[in-house]
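Here's the structure, in structure tokens; my notes come after.
The values are calculated or read from the model by the stated rules, or taken from the named source; none is laboratory data. If you're wondering where the values come from, they're calculated on a predicted model, not measured in any experiment. All Cβ positions, even for glycine, are placed from backbone atoms using ideal geometry, and neighbour counts span all protein chains on display. Note: accessible area is taken over every heavy atom of the protein model, side chains too, but ligands, DNA and RNA are not part of it. Shrake-Rupley method; radii C 1.70, N 1.55, O 1.52, S 1.80 Å.
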Protein chains: 2
Amino acid sequence: MGFKFETVKANRISQNIVEQIRSAILEGELKIGDQLPSEKDFARHFGVSKSSLREAYRVLEAYGLLEIRQGMSGGAFVKKVDLATIKDSFVNYLFFQNPGIREYTQIRTFIEPQVVKICAEKITDQDLEFLEDNILAMEHEPDGEAFMSDLDIAFHKKLVEIAGNKIISLIVESVQTALINIKQIVHTDRQFLTAVCDSHTKIVNALRDRDPEKASQAMIEHINEVEKGMLASKGGIMIITENGLLKKEQGSQ
Amino acid sequence: MGFKFETVKANRISQNIVEQIRSAILEGELKIGDQLPSEKDFARHFGVSKSSLREAYRVLEAYGLLEIRQGMSGGAFVKKVDLATIKDSFVNYLFFQNPGIREYTQIRTFIEPQVVKICAEKITDQDLEFLEDNILAMEHEPDGEAFMSDLDIAFHKKLVEIAGNKIISLIVESVQTALINIKQIVHTDRQFLTAVCDSHTKIVNALRDRDPEKASQAMIEHINEVEKGMLASKGGIMIITENGLLKKEQGSQ
DNA sequence: AATATTAAAACATCCGATCATTTAATATTT
DNA sequence: AAATATTAAATGATCGGATGTTTTAATATT
């Protein structure tokens, strides 16, 4: 009989409670802001010890589904899972998968050129202003010290926001976060920064013209350019070391 | 002074420990399979109570970073975060974002057509055989009872695996899982199933010819077709209700 | 009315006891 | 000697209660 039985893990009390509460949330019984009973009351309700219930609350908090507050009108409250939670999850997962820079670039080239195509049709003058300001800020970044990444992230984040697809926003931001957190590569040399500003400008120009194809092309070139910069140590790449310091790695030239 | 201070949440002991251990893993100090000290020992080492350390272990387990086993040679072991963990995270997050079907389709049309382009260049005869078997199995699915989704998921999963980008695999599978778990739409009518088999066949044929453009086109048509099927209740869509039963929702015609 | 104090609710932490599970070591049987 | 059964030890799981800390509501004071 070609049957496979999976090992049944002993039901842990806390896990059982976690699943019950998570289901209640995902099925709409519990709404954002709803308060769950206090540890003492809920433990009694489930007929378990306080510690077991506490562990369940901790796990649900780790999932981002609960917020737990101390104090008089404190307690456990249902919370909208925030982006940071899933970003962390992304980082945790991809850390072990350890994809190459090439894989990060590839997913970006799959998504972002198409994102700007949509942007070209939906973008408002206000959005354009935001993007222009972003580029200006990047151009005036002081050398070395500052990290381009914050402004760069903001630029791409704005674009996916304009495109208006919540799933795509999630993905683009998560991929970017994982890239930075895991590969820990941050460019700081002026030459590279200028190149980024230039390609950002090209993208914005295409968007101002409401030209989807031109915007898409500019984005493709931009991503490939950035990849090249990331792969080549030549020119100087700053790597964040374990103890938080910066190390300049010289290319083999 | 245009400064914004974020509220500092009181450092919880368990959270502090969680961060320390997570950092140790993400910085490579702890490797997969490494065993952490027993609750008793580690609690003493940190100078905290056993319960605080237990809560930290629970959270890390929730992150998918630890596996905790009971028994004589049990304990806490560093584990590779598995796909299920991040899929759950995806579901939790997207449940609250609640994107429309359209958004799910859009991200698929951004990624999967390009995935099959790559497949067309890398696919092996063995892969083709797998995909053909998958289609055959789907064609022979009994009516009603069976869910197309398992085989459908397997089909698309195989494709992204062939493409060989771990990030894209993660994304495609997570999006699919979220779609099924949150929108809870599963097609069971024979007509729809046949249509899916047909478009899958078209894709495989294009892949057998190693024709990227044809494969991409077939995939685009397939995704749009599926979307149409999902949006139109006409023809019968099965919806899993809260209590696990199936409800047939008739379209407004 | 503003401020300071007090009280209460709820989580945070700690402790230690007991139960359950798993595996290693040992004893027994064949 | 090998297979099997028993026992023991390590470790997590659960429990319950004691105490500390934080936050807010209620009260008292100025």
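Give region A:63-76 a look and list any residue that's surrounded by 20 or more Cβ atoms within 10 Å (Cβ to Cβ) and touching an Asp or Glu at 6+ places or on another chain (Cβ under 9 Å), or say none.
Residues satisfying the conditions are A:Tyr63, A:Gly64, A:Ala76.
Can you name the residue in region A:86-102 that is open to solvent by 30 Å² or more (accessible area, probe 1.4 Å) and assigned to a helix (DSSP H, G or I) and is also farthest from DNA strand C (Cβ to nearest atom) among such residues?
Only one residue tops the list, namely A:Arg102.
What do you reckon, is A:Leu26 surrounded by 12 or more Cβ atoms within 10 Å (Cβ to Cβ) and touching a residue at least 60 places away in the same chain (Cβ under 8 Å)?
no
As an exercise: evaluate B:Ile135 against (1) open to solvent by less than 20 Å² (accessible area, probe 1.4 Å); (2) within 14 Å of chain A (Cβ to nearest Cβ) and give the number of the one condition it does not meet.
It fails just one condition, (2).
Under the condition of being within 9 Å of DNA strand C (Cβ to nearest atom) and in contact (Cβ under 8 Å) with a residue 24 or more places away in the chain, which residue from region A:64-76 is farthest from A:Gly28 (Cα to Cα)?
It comes out as A:Gly75.
Please list, ordered by first then second residue, the pairs with beta carbon atoms under 8 Å, 6 or more apart or interchain, first in region A:152-164 and in the same structural domain as A:Pro113 (by TED's automatic domain parsing), second among the aromatic types (Phe, Trp, Tyr).
A:Lys158/A:Phe130
Identify all residues within region A:114-130 that are more than 9 Å from every other protein chain (Cβ to nearest Cβ) and not in a loop (DSSP other than H, G, I, E, B); write none if there are none. So that I can check it myself, show each step before the final result.
Residues of region A:114-130 that are more than 9 Å from every other protein chain (Cβ to nearest Cβ), as a first pass: A:116-117, A:119-130.
If the condition is that a residue be more than 9 Å from every other protein chain (Cβ to nearest Cβ) and not in a loop (DSSP other than H, G, I, E, B), then A:Val116, A:Lys117, A:Cys119, A:Ala120, A:Glu121, A:Lys122, A:Asp125, A:Gln126, A:Asp127, A:Leu128, A:Glu129, A:Phe130 are the ones that fit.
I'm trying to understand the selection: among the residues of region A:40-62, which are among the hydroxyl-bearing types (Ser, Thr, Tyr) and more than 8 Å from DNA strand C (Cβ to nearest atom)?
If the condition is that a residue be among the hydroxyl-bearing types (Ser, Thr, Tyr) and more than 8 Å from DNA strand C (Cβ to nearest atom), then A:Ser49, A:Ser52 are the ones that fit.
Of all residues in region B:29-44, which are outside any helix (DSSP H, G or I) and open to solvent by less than 50 Å² (accessible area, probe 1.4 Å)? Walk me through it before giving the result.
Filtering region B:29-44 for residues outside any helix (DSSP H, G or I) gives B:29-38.
B:Leu30, B:Gly33, B:Leu36 - these are the residues of region B:29-44 that are outside any helix (DSSP H, G or I) and open to solvent by less than 50 Å² (accessible area, probe 1.4 Å).
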